[in-house]
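The values are calculated or read from the model by the stated rules, or taken from the named source; none is laboratory data. Treat the numbers as computed from the prediction; the structure is a model and nothing was measured. Cβ: placed from backbone, ideal geometry, glycine included. Neighbour counts: every protein chain shown. Protein only, heavy atoms only, side chains kept; ligands, DNA and RNA dropped before computing areas. Shrake-Rupley method; radii C 1.70, N 1.55, O 1.52, S 1.80 Å.
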Amino acid sequence: MSIDLYPPFIKQDDLSPDEGFGAEIDEDCEMINGATKGFGGDPDTCIACLGAKDAVERWKLSRRYEELYDKPLTKLMKDEFSGDFGRAMKMLAMPIDEAECYMLKKAFEGLGCNVKVVYSILVGRSNDEINRIKKNYYKLYTKDLGKQLASELHGDMERLFFNCFQGGGGAYQPQHHTE
């Protein structure tokens, strides 16, 4: 049993907004652009613009910023801020499914893998979300996520993740699962 964690907007094939991005998104893009002009960026302004948004608004902000300034917002955040803060800002500027693929890639770097990160991303996901993560991981990094997991994990953890990966869990149905 799993509950979908992605907002319904993310699952649509056509992600172009029907009503446009809106004036608030444009204002936030202008504020971010102004905060990152010159030497160094203003982290407080960027946090105010990205941190208070939900997944849909951040997705719109990321797409609109690239339309207005011909530079991906993720690249801007990476260039302007460093360390863990820069990585967090970069992930906030990404669509949620791409951010999770990025976290998985980072979890596989180095010797072994960070099982806690992999566990928190993959366990308990719906079949649709698992398939979306697998497809996006391949699209972004041209590596099969299943093969990556097989090379990094062994034993019970490998078995657990591959059971999640096979998508055997049923979809959450409130009328059935709340009795």
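Okay, residues lined up against (1) closer than 25 Å to residue 90 by Cβ; (2) at pLDDT 90 or above; (3) of a type in the set (A, V, I, L, M, F, W, C); (4) open to solvent by 70 Å² or more (accessible area, probe 1.4 Å):
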residue	(1), (2), (3), (4)
106	yes, yes, no, yes
129	yes, no, no, no
132	yes, no, no, no
136	yes, yes, no, no
141	yes, yes, no, no
169	no, no, no, no
Residue, nearest to residue 77 (Cα to Cα), within the range 24-61, restricted to residues that are of a type in the set (Gly, Ala, Ser) and not in a helix (DSSP H, G or I): 41
Unique match (being of a type outside the set (D, E, K, R), more than 24 Å from residue 163 (Cβ to Cβ) and either in a helix (DSSP H, G or I) or touching a Lys or Arg at 6+ places or on another chain (Cβ under 6 Å) (or both)) among 104, 140, 111: 140
Test result for residue 52, farther than 23 Å from residue 149 by Cα and of a type outside the set (Ser, Thr, Tyr): yes
Selection from the range 33-75 of residues that are closer than 17 Å to residue 87 by Cα and among the basic types (Lys, Arg): 58, 75
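Are any residues in the range 149-165 of a type outside the set (S, T, N, Q) and surrounded by 12 or more Cβ atoms within 10 Å (Cβ to Cβ), and if so, which ones?
Answer for the range 149-165, where residues must be of a type outside the set (S, T, N, Q) and surrounded by 12 or more Cβ atoms within 10 Å (Cβ to Cβ): 149, 150, 152, 153, 157, 158, 160, 161, 162, 164, 165.
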The lone exception for residue 95 - which of (1) free of Cβ contacts under 8 Å to residues at least 60 places away in the same chain; (2) surrounded by 19 or more Cβ atoms within 10 Å (Cβ to Cβ); (3) of a type outside the set (Gly, Ala, Ser) it fails: (1)
Pick from the range 1-11, criterion open to solvent by 90 Å² or more (accessible area, probe 1.4 Å) and either in contact with a helix residue (DSSP H, G or I) (Cβ under 7 Å, 6 or more places away or on another chain) or part of a loop (DSSP other than H, G, I, E, B) (or both), ranking: modelled with the lowest pLDDT: 1
Boolean, residue 85 is assigned to a loop (DSSP other than H, G, I, E, B), among the aromatic types (Phe, Trp, Tyr) and either modelled with pLDDT under 85 or out of contact with any His (no Cβ under 7 Å at 6 or more places or on another chain) (or both): no
Qualifying positions in the range 69-79 - open to solvent by 50 Å² or more (accessible area, probe 1.4 Å) and part of a helix (DSSP H, G or I): 69, 75, 78, 79
